[in-house]
Amino acid sequence: MKKLTILSGAGISAESGIQTFRDGDGLWENHDVMQVASPQGWRNDRALVLEFYNQRRRQLHEVQPNEAHQLLAELEKYFDIQIITQNIDDLHERAGSTNILHIHGELFKSCSCNNKNLVYEQKEDINVGDKAEDGAQLRPFIVWFGEDVPLYQTAREMVKEADILVVIGTSLQVYPAAGLLHEIKDDCLLVVINPNETEMSFGNRAVVIKENATKGMKLLFDKLVNMA
């Protein structure tokens, strides 16, 4: 089977009703992202950070995968498929996809603030005073701005092996994830689904579908199946 790798971003989740932040204004739910998504923000106000992610977690219980998620799951019948997602939700999993790498962490998990290897399932709120087994405060299992991306090397290897790479719902503004596109093979087919212009120039290298995630996947699905 051909290797199909998907790089997904906030745009695919937005169509399920998950609000996103935009790098252009640096705001996320009217918060400066550095207040709620950085080690400095955590040091300054743990309660604010925890409540911010508690709200995101509650919202995640209320939304459902959309057709783009479902079509990606359907492609597992035809390809050796790997999804690399920048998203912290579980909508790919709920749609039925089985091979998912969350490079920015997972909202339904928590970890010790002193040891990120102590990881727990976390479907409910995290409160100040909730402790990991090492006695440290629990924090969201999220890669914040300024932190290392421990799964990046794994993602690089997946992209290097891809016969087809589909980029969907990401503006390609957040590094190091955007750098993954530099890892593709010369003969890898690159498809970009994004309704907006990006700062990254693909030249003639990519097939660009200027649509949102759902419509773009509807347009692309049969074409991919015919390549399998």
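The values are calculated or read from the model by the stated rules, or taken from the named source; none is laboratory data. The shown structure was predicted, so the numbers you read here are calculated from the model rather than taken from an experiment. Cβ sites come from the backbone with ideal geometry, for glycine too, and all protein chains shown count toward neighbours. When the accessible area is computed, the model is the full protein with side chains, heavy atoms only, and any ligands, DNA or RNA have been set aside. Shrake-Rupley method; radii C 1.70, N 1.55, O 1.52, S 1.80 Å.
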TODO: Count the net charge of all other residues whose Cβ sits under 14 Å from the Cβ of residue 216, scoring Lys and Arg as +1 and Asp and Glu as -1.
DONE: 0
TODO: Report the percentage of all Cα-Cα pairs in the stretch 53-129 whose separation exceeds 18 Å, rounded to a whole percent.
DONE: 46 percent
TODO: Give me the distance in nm between label points sitting 7 Å out from Cα along the Cα-to-Cβ direction at residue 133 and residue 149, one decimal.
DONE: 3.0 nm
Open item on the list: Between residue 204 and residue 173, what is the label-point separation in nm under the 7 Å Cα-to-beta-carbon projection?
Closed with: 3.1 nm
Task: Taking the chain and dividing mean pair separation by its residue count, relative contact order in percent (alpha carbons under 8 Å, at least six apart) - done: 24 percent
Task: Per residue solvent-accessible surface (Å²) - the stretch 104-212, probe of 1.4 Å - done: 52 Å²
Task: Links that overshoot a 32 Å alpha carbon limit, given the list 2/116; 77/109; 160/210; 3/131; 131/160; 185/223 - done: 2/116; 3/131; 131/160
Task: Portion, in percent, of the accessible area of the chain that falls on carbon or sulfur, probe 1.4 Å - done: 46 percent
Open item on the list: Rounded to the nearest 5, what % of DSSP beta bridges with both residues in the chain are antiparallel?
Closed with: 35 percent
Task: Local net charge near residue 163, Cβ-Cβ under 10 Å (Lys/Arg +1, Asp/Glu -1) - done: 0
TODO: Could you order 3, 218 by accessible surface area, starting with the largest, using a probe radius of 1.4 Å?
DONE: 218, 3
Task: the stretch 40-185 - Rg and Dmax from Cα coordinates, angstrom - done: 16.4, 48
Open item on the list: How far apart, in nanometres, would the label points at residue 98 and residue 156 be if each is projected 7 angstrom from Cα along the Cα-to-Cβ direction?
Closed with: 2.9 nm
TODO: Pull up the DSSP beta bridges for the stretch 1-121 and report the antiparallel fraction as a percent, rounded to 5.
DONE: 40 percent
